[in-house]
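Below is one structure, written out as structure tokens; comments come after it.
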Amino acid sequence: MIRLTNEAQVYLDDYLSDVRSAVSGHSSVSPAEIEQDVRDHVFAALEETGGQITAPQLAAVLDRLGPPAEWVADEPRSIWKYLGDKLKPVGHKAVAHIKALPGEAYQAGRGLAARVRGLSPDWRLASIAFGLFALGMIAFPLFPAFLIASYFVARADVALARERGETLGARRWLVYPSLLIVSLVLFLALAAWPIGPAVGLSHEIPRTMKGDVGNIMHVSPKAVQPVAATYLAIGAVSLWWIIASMIVVRWPGVPGALFPPFGSKIRRIDAAIVLLLSGAVFVCWLSKIDTAVRVTQEVLWQL
Amino acid sequence: MESDFFDNWTTQLRKGILEFSVLATLRGRRLYGYDIVKRLGNVPGLVISEGTVYPILSRFKRDGFVTTTLVESNEGPARKYYELTPVGRRELARMRGAWQAVRDGIDSLSEEAGS
């Protein structure tokens with residue numbers, strides 16, 4: 001049985017952290033699997049030595065394994081990992097600026113930087129995402145800016161966890177707030193945008209014609225505009241949902257890419273059900289199309 | 001300058017044949033990751049960083065060239081053994097063919113130059 005000294009254990013943990021960092025973001029390999037393979041390799045190589053393993057003994061094995069950064073240097077990486085690496089120097093600069101601050105500001109900033117650095121790598125992004133969200137709540141007028149920043153950091157964390165084949169676990173409570181709010185707003189905007197143009201179109205009916213149009217629609221002149229707006233909105237939204245659900249039936253990965261991680265729960269069968277329901281609403285809408293055509297003809301003729 | 005060129009050339013050469021060598025090592029047998037690395041390490045100049053082998057194995061697994069099995073070990077944690085799949089065997093045969101063609105071609109060039 002092999003036991004590592006404390007110093008050797010820290011050395012190994014650092015090295016495995018480098019392995020994770022070097023291979024994550026490469027879609028062609030599994031970072032978790034490589035990390036486990038390297039761990040197994042180290043223990044197999046040290047089996048002959050046996051007993052308590054010191055840092056120099058471990059270092060000899062790790063030297064033969066080589067620097068992880070060179071293992072997959074030529075392979076394409078994901079955009080999130082690429083951005084992460086690009087942003088790392090910015091983070092280091094920020095820490096350097098904090099160190100340059102005077103007095104209490106320096107102490108506070110230094111404490112914060114130390115805490116972020118001290119977090120486990122798995123929790124770092126999730127903690128930053130929640131920190132930005134909380135800062136937005138405190139400095140409320142700036143909430144939208146902090147929310148968007150938090151959303152992108154949270155998405156990076158979700159993407160990295162997926163690439164490593166990990167589940168978010170308890171980390172999800174730190175990344176969900178910003179992901180949920182932004183995803184909900186985006187979803188509502190994407191689902192209901194046809195209502196705007198439809199209502200705008202209903203305002204095109206001239207005031208002087210509302211009596212004649214009301215007769216065709218069998219409603220009072222006052223109800224012409226709201227009824228027309230509702231009719232047009234139902235038609236536009238149901239048609240849009242037919243198109244959107246057909247896209248999801250054909251490419252089921254679209255919701256997952258737009259609204260991670262919640263969108264990945266939407267399956268092809270869910271999209272097919274929405275397609276059927278939207279189709280049914282659209283067919284009902286079409287049953288009244290003759291009235292809409294007559295109204296359109298009346299308006300165009302009068303104009 | 002000449003040394004840089006030679007280093008770069010050997011690096012490129014090694015990268016290309018390492019994947020072939022990993023598959024070749026697994027031909028007709030099931031091997032533990034550490035065993036694969038040790039066997040490849042016996043080929044002079046082939047493996048400079050032993051860790052390079054593991055991303056290749058991970059990629060081969062994802063591509064369906066190899067499959068893995070966990071086997072209990074008396075000496076420690078369960079060991080993960082790699083073996084070729086039918087797809088991996090086919091790919092290895094193709095690589096061997098390509099390798100032999102290149103080797104024969106270069107040998108004939110060298111013989112021409114020597115004669």
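Every number in this text was worked out from the coordinates using simple rules, so none of it is lab data. Small disclaimer: the values here were computed from a predicted structure and weren't measured. Glycine also receives a Cβ, built like all others from the backbone with ideal geometry; neighbour counts cover every protein chain displayed.
Neighbour counts of other C-beta atoms within 10 Å: give me A:W173, A:W123, A:W241, A:W71 arranged from fewest to most. Could the numbers behind the result be given before it?
Details: A:W173 11, A:W123 15, A:W241 21, A:W71 25.
Taking fewest neighbouring Cβ atoms as first place, the list is A:W173, A:W123, A:W241, A:W71.
Within 10 Å of each Cβ in peptide B:20-33, how many partner chain Cβ atoms are there on average? Round it to a whole number, please. Let's see the in-between values first.
Details: counts 0, 0, 0, 0, 0, 0, 0, 0, 0, 0, 0, 0, 3, 6.
Mean partner shielding for this stretch: 1.
Take the Cα atoms of the protein assembly as shown, find their three principal axes, and give me the spread along each one in whole Å, biggest first.
Each principal axis gives a Cα extent; for the protein assembly as shown these are 99, 70, 52 Å.
Quick one: Cα convex hull volume of chain B, Å³ per residue?
Values: hull volume 15.1 nm³, N = 115.
Given the Cα convex hull of chain B, per-residue volume reads 131 Å³.
Taking the radius of gyration and the Kirkwood hydrodynamic radius from Cα positions alone, what is the Rg/Rh ratio for segment A:166-303, to two decimal places? Walk me through the numbers on the way to the answer.
Details: Rg = 20.0 Å, Rh = 17.5 Å.
Expressed as Rg/Rh, it is 1.14.
I'd like the distance separating the alpha-carbon centroids of segment A:205-241 and segment A:117-177, in whole Å.
Segment A:205-241 and segment A:117-177 have Cα centres separated by 46 Å.
Determine the principal axes of the Cα atoms in segment A:120-217, then give the extent along each, sorted from largest to smallest and rounded to whole angstroms.
On the principal axes, segment A:120-217 reaches 71, 33, 16 Å in Cα extent.
For segment B:37-66 and segment A:1-55, what is the separation of their C-alpha centers, rounded to whole Å?
If you average the Cα positions of each part, the centres end up 16 Å apart.
For the protein assembly as shown, what does the helix formula give at 222 nm: sum of -39500 (n - 2.57) over DSSP H segments with n ≥ 4, over the residue count, nearest 500 deg cm²/dmol? Each step should come with its number before you reach the end.
Values: 18 runs with 298 residues, N = 418.
Mean residue ellipticity, 222 nm, calculated: -24000 deg cm²/dmol.
Calculate the spin-label point distance for A:S28 paired with B:W9, positioning each point 7 Å from the Cα along the beta-carbon direction, and give it in nanometres.
Inter-label distance under the simple model: 2.5 nm.
Suppose the Debye formula is applied to equal point scatterers at every Cα of segment B:53-100; what is log10 I(q)/I(0) at q = 0.16, 0.21, 0.22, 0.25 Å⁻¹?
-0.53, -0.76, -0.80, -0.91
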